[in-house]
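The values are calculated or read from the model by the stated rules, or taken from the named source; none is laboratory data. Keep in mind that this is a model prediction, so the values were computed, not measured. We place every Cβ from the backbone using ideal geometry, glycine too, and count neighbours over all the protein chains shown. Surface accessibility is based on the protein's heavy atoms, side chains included, excluding ligands, DNA and RNA. Shrake-Rupley method; radii C 1.70, N 1.55, O 1.52, S 1.80 Å.
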Amino acid sequence: MHHRNKTIISICIPFQCNNNLVWDKLPLIMEKAGKLWGGRFTGMTDPIMERFNASISFDKRLWKEDLAGSQAYVKALRKVDIVTEDEMKEIQDGLNKVHEEWSNNQFVLQPSDEDIHTANERRLKEFIGASAGKLHTGRSRNDQVATDMRLWMRNNLASIRTFFLEFIQVIVNRAKIEVDILMPGYTHMQRAQPIRWSHWLLSYAWAFHRDLQYMDEFVNRMNYLPLGSGALAGNPFNVDREFLAKELGFLGATANSIDGASTRDFVTEFLFWSSQTMLHLSKLSEDLIIYSSKEFSFVKLSDAYSTGSSLMPQKKNADSLELIRGKCGRVVGRCTGFMMTVKGLPSAFNKDFQEDKEATFDVYDTMQDVIRVATGVISTLSINRETMYNALSPDMLATDLAYYLVRKGVPFREAHGLSGSVVALAENKNCPMTSLSLADLKTVSTYFEEDVSEVWNYENSVEQYTSTGGTSKANVLLQVDELTTWLEKLKAK
Ligand code: ARG
């Protein structure tokens with residue numbers, strides 16, 4: 001032991017490793033540390049390893065869920081007589097005191113507090129003494145942390161969900177009010193066909209609608225209790241897991257203890273959900289960054305969500321949107337990173353899983369901010385309807401001209417060619433298509449008649465898309481209705 005101590009110190013000092021230990025007091029601190037898993041360990045842990053292993057700096061965020069799990073667990077232990085009525089009360093009171101300390105920001109971490117589970121149990125023991133040692137009967141930190149994480153996810157996703165609903169509501173509200181505003185629709189970033197501004201807005205509302213559905217789906221899948229799975233083999237004291245599940249608000253208990261204690265599907269699902277949502281938000285940001293450029297000038301960001309340049313006084317930058325777009329990389333990176341951690345793991349618990357926490361918390365905080373900023377941007381954005389309208393150009397009606405001929409009985413392939421000839425004719429004459437006379441048009445096809453003038457109308461253009469999902473006003477308002485009904489139903493829940 002002496003020899004090992006020496007080795008540790010000589011390895012560590014040159015690295016100037018950064019932790020809270022005072023070097024000359026190290027042996028004493030280690031002796032006092034009294035690890036909860038100390039039994040068979042006689043040697044010291046390398047202080048670097050100590051710091052490397054510890055997760056308390058970030059998993060203390062789970063304190064509430066950890067205590068809630070223990071409160072339920074002690075009741076289950078009572079039911080199978082592992083603890084007496086008095087011991088249960090003692091443990092419950094002790095846990096309440098620990099809860100109070102955390103709530104009041106008075107919980108003092110000790111160097112021996114490796115993670116939130118050991119910290120809470122250590123403090124419980126300080127409050128109530130030996131009977132604290134009964135709480136962990138049949139439980140492992142493996143099923144404990146799996147339970148804490150699911151509880152945390154469930155408790156905290158609720159607020160993201162509320163923000164997200166608000167965000168979708170803001171989009172739908174705008175779409176309803178601004179339904180008459182037309183703008184160019186783009187494919188390949190080239191002007192394609194006239195659309196309603198609201199139709200563009202709602203294309204995002206539907207993407208976010210799917211995101212929200214996906215969130216509800218994975219939260220449902222996650223809502224099964226791992227506690228009672230032990231390290232991997234289950235619980236040997238016949239604790240009533242269905243009771244535990246009910247106590248903690250889960251739909252039921254996980255059916256297989258290996259799966260229960262070790263799956264992190266709910267983490268990867270959350271990270272994927274965030275990534276997918278961020279891809280949508282990134283695209284929305286990119287569109288709006290383009291639309292807010294001087295060249296487009298379709299929209300103007302409010303001052304609350306833009307910043308100036310330190311060098312160029314005339315500039316107003318869409319930093320909010322650039323940051324949202326930028327955070328997308330961070331979130332997708334966290335998702336990919338954690339999936340790579342899981343990839344290659346053998347069955348059951350492995351310490352690699354500890355990596356799930358920083359990924360989850362970081363992505364959670366990011367999503368929370370991103371959704372609120374995006375809501376602010378969309379609700380305060382001003383739009384320039386004249387500029388949008390003026391950006392429409394007659395060439396965008398070439399498809400409409402083909403459809404005109406189709407309605408006269410010309411097969412579409414032929415109509416497409418004839419309309420192309422009209423485009424060419426206008427180009428030759430160096431005038432917009434809309435300025436061609438009926439006589440000009442008749443040189444291309446005798447199917448053109450007086451009523452062709454109705455094609456030269458952007459309003460008529462968007463109105464012709466009457467099939468479900470198209471740009472006609474009725475269709476767009478139908479989308480508004482469907483989304484509003486859906487939102488109201490969710491909010492009422
Ligand atoms: N801090 C650990 C984690 O985050 C807790 C579980 C530790 N389990 C174990 N057998 N070492 O996953």
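A few remarks follow.
- Residue within region 75-91 that is within 32 Å of the chain's Cα centre (by Cα) and surrounded by 21 or more Cβ atoms within 10 Å (Cβ to Cβ) present: no
- Applying the set (1) modelled with pLDDT of 95 or more; (2) within 30 Å of Asp180 (Cβ to Cβ); (3) open to solvent by less than 60 Å² (accessible area, probe 1.4 Å) to Thr434 leaves exactly one unmet item: (1).
- Being among the polar types (S, T, N, Q), farther than 25 Å from Phe164 by Cα and away from the ligand (no atom under 16 Å from the Cβ) holds for only one residue in Ser292, Ser297, and it is Ser297.
- Evaluating Arg241 against the criteria (1) charged (D, E, K, R); (2) over 26 Å from Ser347 (Cβ atoms); (3) surrounded by 20 or more Cβ atoms within 10 Å (Cβ to Cβ) leaves one unmet condition, (2).
- Positions within region 449-471 being over 16 Å from Thr399 (Cβ atoms) and in a loop (DSSP other than H, G, I, E, B), in sequence order: Glu449, Thr468, Gly469
So that you can scan it fast, the table gives a plain yes or no per residue for (1) assigned to a helix (DSSP H, G or I); (2) farther than 16 Å from Glu358 by Cα; (3) at pLDDT below 95:
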| residue | (1), (2), (3) |
| --- | --- |
| Ala304 | yes, yes, yes |
| Ser310 | no, yes, yes |
| Pro313 | no, yes, yes |
| Glu322 | yes, yes, no |
| Arg325 | yes, yes, no |
| Arg330 | yes, no, no |
| Arg334 | yes, no, no |
| Gly337 | yes, no, no |
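- Region 115-147, residues that are within 9 Å of the ligand (Cβ to nearest atom) and either open to solvent by less than 20 Å² (accessible area, probe 1.4 Å) or more than 19 Å from Glu358 (Cα to Cα) (or both): Asp115, Ile116, His117, Thr118, Ser140, Gln144, Val145, Ala146
- Per-region count, region 352-378, residues within 13 Å of the ligand (Cβ to nearest atom) and either open to solvent by less than 10 Å² (accessible area, probe 1.4 Å) or touching a residue at least 40 places away in the same chain (Cβ under 8 Å) (or both): 8
- Of all residues in region 59-114 being hydroxyl-bearing (Ser, Thr, Tyr) and assigned to a helix (DSSP H, G or I), the one that is farthest from Ile128 (Cα to Cα): Ser103
- Checking Ser159 against (1) in contact (Cβ under 8 Å) with a residue 40 or more places away in the chain; (2) buried (at least 19 other Cβ atoms within 10 Å of the Cβ), the condition it does not meet: (2)
- For region 92-101, the criterion of a residue being aliphatic (A, V, I, L, M) and surrounded by 15 or more Cβ atoms within 10 Å (Cβ to Cβ) is satisfied by at least one position.
- Whichever residue in region 335-351 is within 12 Å of the ligand (Cβ to nearest atom) and over 21 Å from the mean Cα position of the chain (by Cα) and, among such residues, is least open to solvent (accessible area, probe 1.4 Å): Ala348
- Looking across region 447-481 at every residue that is in contact with a Leu (Cβ under 8 Å, 6 or more places away or on another chain) and among the acidic types (Asp, Glu), the one that is surrounded by the fewest Cβ atoms within 10 Å (Cβ to Cβ) is identified as Glu450.
- In the set (1) farther than 30 Å from Glu459 by Cα; (2) assigned to a helix (DSSP H, G or I), Val239 fails one condition alone, (2).
- Residue within region 287-295 that is crowded, with 18+ Cβ neighbours inside 10 Å and either part of a loop (DSSP other than H, G, I, E, B) or in contact with a Ser or Thr (Cβ under 9 Å, 6 or more places away or on another chain) (or both) present: yes
- Residue identified as surrounded by 14 or more Cβ atoms within 10 Å (Cβ to Cβ) and in contact with a Lys or Arg (Cβ under 9 Å, 6 or more places away or on another chain) among Leu418, Leu401, Leu381, Leu405: Leu381
- Test: residue in region 206-229 that is within 16 Å of the ligand (Cβ to nearest atom), in a helix (DSSP H, G or I) and β-branched (Val, Ile, Thr): no
- The criterion of being in contact with a helix residue (DSSP H, G or I) (Cβ under 7 Å, 6 or more places away or on another chain) and open to solvent by 70 Å² or more (accessible area, probe 1.4 Å) holds for Leu232.
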